[in-house]
Amino acid sequence: MDADHHTETVELISFRIDSQEFCLDIMAVREIRGWTAATPLPHSPPFVRGVINLRGAVLPILDLKARLGLGDAEPSARSVIIVVQVGKRLVGLLVDGVSEILAADPNTVQATPNVGCDVVTRFVRGIITLEGRMISWIALDDILPPEETAEAA
Amino acid sequence: MSKTILTVDDSRMMREMLLKVLSEAGFNVVQAEDGVAGLEALAAAAPDVIITDINMPRMDGYGFIDGVRREGRHRATPILVLSTESSAEKKQRAREAGATGWIVKPFKAESLIEAIRRVSS
Amino acid sequence: MDAMDAIKVTYFQECDELLQELEQGLLALEAGEGDGETINAVFRAVHSVKGGAGAFGFDALVAFAHVFETVLDEMRSGRLDADLDIVKLMLRASDVLTDLLQAAKGEGSVDQARADAMAAELEALTKEDAAAEAPAVAAGEAPAADEWGFTPLRMQIDEPSAAQQGDWRLALKPTTAAYAKGHDAAVLLRELARLGQIESRCDFSALPDFGALAPEQAYLSWDVRVPGGVDETAIREIFDFVGDDCPIELAREEWAIEAPPPAIDPPGETDISALIARVQDSQPREASPAADDAGAAKGQRAEGAASPTIRVGLDRVDRLINLVGELVINQAMLTQRVAESGLARSSTVAIGLDELEQLTREIQDSVMAIRAQPVKSVFQRMPRLVREIAGSTGKQVRLVTEGENTEVDKTVVERLSDPITHMLRNAIDHGLESPEERVAAGKGPEGTVRLAALHRSGRIVIEVSDDGKGINRPRVREIAVNKGLISPDAQLSDDEIDNLIFLPGFSTASSISNISGRGVGMDVVKRSIQGLGGRISISSAPGRGSTFTLSLPLTLAVLDGMVVSAGEHTLVAPLTAIVETLQPKPGDVRALGPRSSVLTVRGGHVPLIDVGMALGWRDHPIDPSEGVVLLIESEGGGRAAIVVDAIQGQRQVVIKSLEENYQRVDAVAAATILGDGRVALILDLDALVNSQRTERFDSPLLAEAS
């Protein structure tokens with residue numbers, strides 16, 4: 001899938017959720033900011049923590065750990081919000097902290113193994129192996145909850 | 001030296017059209033939106049040819065042509081009337097005011113350029 | 001060709017403005033307020049539409065505009081009297097012109113039969129009243145693209161026979177007037193030279209001694225030989241352009257042996273002082289209308305001249321408004337922090353902050369004023385609508401508009417059109433009587449509908465009133481009872497009965513007419529207005545008419561809200577929906593069914609909604625007597641009591657979209673940012689009440705009952 005990028009390396013931002021390592025394409029990241037309490041939204045899925053004020057815009061905050069089905073995050077002083085661009089929208093992802101920025105050759109990205117888990121297929125676009133570590137590259141396209149279809153009426 | 005044309009027309013669209021046609025033909029273009037503005041523009045620009053509409057607010061084409069002819073410097077500058085009107089009576093009136101020629105809108109770009117070349121030596 | 005497309009876009013924009021001017025002018029004439037300049041402006045509008053249309057080959061538009069323009073020209077010149085019938089015809093013609101233009105834009109189609117019929121009606125006017133002018137008009141009928149309009153100079157010369165192909169001899173003597181009009185003998189000779197090998201001889205004989213030479217005077221003449229093979233019309237065409245100012249004599253060589261006649265110039269033309277006198281003579285006739293125009297235009301355009309305008313992209317203004325919104329929030333945050341820090345109110349910091357707050361408000365007001373627009377753009381569309389409804393109902397209607405310069409934020413202007421349209425439809429269709437009914441009731445056959453805009457207590461108020469029959473209250477009441485909207489023994493005031501028409505599913509028309517029966521009832525109008533934070537009501541006087549009053553916030557960028565708490569959450573409720581706030585006594589709350597309860601307010605029972613529970617934030621309602629109740633009026637005039645923990649205060653808040661980065665959230669209208677920098681949700685009270693209603697339908701008790 002990344003065949004036409006073979007000459008360039010991609011820069012990725014990596015972070016940990018419990019014992020697993022994940023990363024995001026740095027091109028999608030707009031900024032990283034400290035955790036501030038979010039205003040909860042009614043009738044929203046549990047992984048939607050609510051909304052915060054990002055310089056006057058209303059930014060939804062998703063608990064990435066919960067989104068990946070790994071249990072609810074417990075925000076602490078170390079927690080950060082990674083602001084990412086998904087299509088035209090800006091979304092904040094709550095994670096425990098950012099580890100490092102790494103460069104990877106897209107050719108070394110391995111296809112996501114089929115582990116028979118819906119969450120993995122939807123949110124992991126590939127696996128990067130680096131110095132014996134296994135890092136899951138997060139796909140952002142489906143990260144927001146689906147729109148309520150009632151709106152169409 | 002490219003020639004300078006002063007166009008006087010209250011229609012924004014007509015001004016845009018003239019600007020396009022004339023600048024593509026290599027003329028410098030100065031524009032005004034009615035007779036009063038046309039006379040004002042005359043002070044700054046020294047046009048080689050003037051193209052004016054007849055029906056305009058504030059000061060119409062007849063008043064404008066007359067004003068140009070009475071303003072010393074431009075007594076002999078060719079003035080072409082560009083109008084949708086084509087009645088003999090109106091042409092006569094424009095001629096009396098001092099117009100050099102009359103072109104009926106809508107115009108073909110080539111005929112306009114041709115007319116300008118004809119009146120400017 | 002994209003440059004041409006861009007010009008076409010300009011043309012259509014310009015046409016929209018021109019058509020508005022046209023309609024306004026005609027309406028002024030209809031009201032008897034027009035003068036000569038109004039007719040001029042109306043003429044110019046049609047004329048300019050036609051001029052551009054020709055450039056793009058919109059032939060149908062050109063043809064119709066031409067006929068229309070001809071009539072207006074007759075009016076302008078005073079040959080046709082602008083009486084009321086003619087002005088009304090012109091108004092209908094302007095509608096046809098609008099349709100033709102829409103069709104040219106590729107939006108909508110034209111009823112060609114209607115356009116043709118209208119053109120015929122217009123033509124009949126000029127034929128009848130200005131038969132003598134018809135040939136002149138016809139001459140302008142189909143202007144050729146490159147026609148050189150100056151009338152050819154007719155010269156009395158014998159027509160040479162085709163067999164005789166002797167060379168042409170041309171005597172050419174430009175007059176002073178020709179030079180004064182920008183002509184140049186050299187140019188004319190060059191033109192001739194393009195036709196073939198010419199021989200020209202300049203006659204200097206008239207040239208005086210240098211001392212006597214008048215620089216403006218024409219002294220020279222030319223004798224030109226043009227090859228015989230050149231077409232006569234080609235030669236004459238060159239001089240068509242100059243006309244009488246450069247008389248020529250053209251003849252085949254055989255006939256042109258004599259010298260040019262001595263007096264080619266009309267007497268006096270060679271005399272510069274006579275020329276000046278002639279020009280000055282013509283001044284009063286030619287220049288004074290222009291001077292009058294200029295004078296009239298000065299008055300009319302005074303605003304425009306005094307304050308020059310610039311065009312700015314809307315996105316820039318929107319961005320500025322957003323930034324100022326953030327400035328307001330930041331300033332509120334700062335004020336709150338300073339207050340929390342315990343600084344004395346008299347400290348220089350606090351005083352400086354007060355000034356900052358003042359300034360911020362002023363900046364916000366000024367910025368909002370940039371985007372403010374007069375409601376004119378919406379009002380201008382209404383005369384046509386009224387004419388059409390009048391036409392299809394057979395009623396005679398006069399529309400009077402007031403306050404069309406009342407300004408309101410652009411976001412609101414755009415959303416006024418639909419409700420006004422519906423209110424006008426309703427006023428004509430249901431409010432006004434037929435001409436016969438009116439006469440029978442002792443009124444004039446023509447009904448009046450008034451559309452007015454005004455500012456009142458920081459809101460814009462739109463009133464639509466008619467002088468029709470008023471609301472038939474017994475009938476309205478009967479319908480409401482029949483439809484189960486009210487109980488037969490309900491005690492209602494006249495006002496309350498009038499406002500029953502806003503109940504969902506209510507329609508007073510005994511037969512659904514094709515005007516009001518488009519599936520949109522007044523309930524829908526009311527809901528859409530409430531969605532904008534507005535209110536609508538009606539008052540009526542039997543036999544004398546009804547008035548709809550619609551009020552809206554001046555902007556959709558900010559909102560007056562009541563800040564409330566529900567548990568640890570802070571919410572904002574739009575102030576417009578709140579009728580009153582009250583602290584219920586324990587006895588006022590009664591359970592109804594397993595999960596719902598009602599509040600007794602002045603003898604009536606109002607459903608209670610616990611906001612915290614409705615939003616899924618708690619499992620059990622709080623005891624209403626320990627909280628505060630917001631009594632709100634929801635869609636259709638239904639009331640509900642919203643229970644919150646506490647009221648924090650009233651505040652103007654900046655509206656922020658939730659959908660920009662997220663999506664619609666049920667029962668939430670939008671979000672805002674409070675002084676502490678946190679996001680607070682603005683409640684959609686109607687949706688909140690509705691969601692409770694559906695929920696209760698799902699509950700066993702009501703499911704059985706229904």
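The H on the amide N of B:Met56, modeled in the peptide plane, is under 5 Å from the matching H of B:Gly61, each at least 5 residues off or on a different chain. Approximating the spin labels as points 7 Å out from Cα along Cα→Cβ, the A:Asn107-to-C:Ser487 distance works out to 8.4 nm. Backbone amide hydrogens, once placed in the peptide plane, bring C:Leu343 within less than 5 Å of nothing, excluding anything fewer than 5 places away on its chain. Checked against a 32 Å cut-off, the cross-linked pairs B:Lys91/C:Lys173; B:Lys3/B:Lys105; B:Lys105/C:Lys105; B:Lys90/C:Lys395; C:Lys410/C:Lys469 give Cα-Cα distances beyond that limit for B:Lys90/C:Lys395; C:Lys410/C:Lys469.
For the stretch C:315-373, the Kirkwood estimate of the hydrodynamic radius, built from every pair of different alpha carbons, is 12.4 Å. Comparing the full protein assembly with the isolated chain, the residues of the stretch A:48-81 losing at least 50 square angstrom of accessible surface (1.4 Å probe) are A:Asn53, A:Gly56, A:Val58. Of all DSSP bridge pairs formed entirely within the stretch C:558-705, close to 90 percent run antiparallel. Burial annotation for the stretch B:67-107: residues with an accessible-area loss of at least 50 Å² between the isolated chain and the complete set of protein chains, computed on heavy atoms with a 1.4 Å probe, are B:Arg75, B:Thr84, B:Ser86, B:Lys91, B:Arg93, B:Arg95, B:Glu96, B:Thr100, B:Trp102, B:Val104, B:Pro106. Other residues whose C-beta falls under 13 angstrom from the C-beta of C:Ser625 contribute a net charge of -3, scoring Lys and Arg +1 and Asp and Glu -1. In sequence order, the stretch A:127-139 has phi-based couplings of 10, 10, 9, 9, 6, x, 8, 10, 10, 8, 8, 6, 8 Hz under the Karplus curve 6.51 cos²θ - 1.76 cosθ + 1.60, θ = phi - 60°, and Gly or Pro positions carry x. The orientation-averaged shadow of the Cα convex hull for the stretch C:375-553, equal to a quarter of the hull surface, comes to 10.2 nm². Between C and B, buried accessible area from a 1.4 angstrom probe totals roughly 5000 Å², ignoring ligands, DNA and RNA.
Let me know the shape class of chain B, please: from the alpha-carbon gyration tensor, a ≥ b ≥ c as square roots of the eigenvalues, rounded when a/c is under 1.5, otherwise prolate if a/b is greater than b/c, or oblate. Cα axes put chain B in the rounded bin. The heavy atoms of C:Leu188 offer some 10 square angstrom of accessible surface to a 1.4 angstrom probe.
All other residues whose Cβ lies under 13 angstrom from that of C:Ala339 are scored, Lys and Arg at +1 and Asp and Glu at -1, for a net of -2. Solvent exposure of the stretch C:160-257, expressed per residue, is 48 Å² of accessible area, with all protein chains present and a 1.4 angstrom probe. Does the stretch C:160-257 classify as rounded, prolate or oblate by the C-alpha gyration tensor (a ≥ b ≥ c root eigenvalues; a/c under 1.5 gives rounded; else a/b over b/c gives prolate, otherwise oblate)? Prolate, because a/c is 1.5 or more and a/b exceeds b/c.
Determine the total buried accessible area between chain C and chain A, counting protein heavy atoms only with a 1.4 Å probe; round to the nearest 100 Å². In total, this chain pair buries about 2100 Å². Positive contributions from Lys and Arg (+1) and negative ones from Asp and Glu (-1), summed over other residues with Cβ under 14 Å from the Cβ of A:Gln85, come out at -1. Residues in chain A average 51 Å² of solvent-accessible surface per residue, probe 1.4 Å, ligands and nucleic acids excluded.
Computed over protein heavy atoms with a 1.4 Å probe, the accessible surface of the stretch C:558-705 works out to 44 Å² per residue.
Note on the stretch B:4-120: with neighbouring protein chains present and a 1.4 Å probe, carbon and sulfur make up 49 percent of its accessible heavy-atom surface. Pair-distance distribution of the stretch C:301-441: all C-alpha pairs, bin width 5 Å, starting at 0; shares per bin in whole percent are 2, 8, 12, 12, 11, 10, 9, 9, 8, 6, 5, 4, 3, 2, 1, 0.
Converting phi to 3J(HN,Hα) with the Karplus coefficients 6.51, -1.76 and 1.60 and the offset θ = phi - 60°, the stretch C:321-330 yields 5, 4, 5, 5, x, 5, 4, 4, 5, 4 Hz in sequence order, with x at every glycine or proline. Over the stretch A:28-145, the fraction of Cα-Cα pairs per 5 Å bin, rounded to whole percents and listed from the shortest bin up, is 2, 10, 19, 23, 21, 14, 7, 3, 1. Shape summary: the stretch B:33-95 maps onto an equivalent ellipsoid whose semi-axes, from the alpha-carbon gyration tensor, are 19, 13, 10 Å in decreasing order. Please give the FRET efficiency for C:Thr233 paired with C:Lys105, using the beta carbon to beta carbon distance and R0 = 25 Å, rounded to the nearest 0.05. Given R0 = 25 Å and the Cβ-Cβ separation, E is 0.05. Backbone amide hydrogens, once placed in the peptide plane, bring C:Arg252 within less than 5 Å of C:Arg169, excluding anything fewer than 5 places away on its chain.
The values are calculated or read from the model by the stated rules, or taken from the named source; none is laboratory data. Keep in mind that this is a model prediction, so the values were computed, not measured. All Cβ positions, even for glycine, are placed from backbone atoms using ideal geometry, and neighbour counts span all protein chains on display. The protein model used for the area step is the full one, side chains on, heavy atoms only, and it has no ligands, DNA or RNA in it. Shrake-Rupley method; radii C 1.70, N 1.55, O 1.52, S 1.80 Å.
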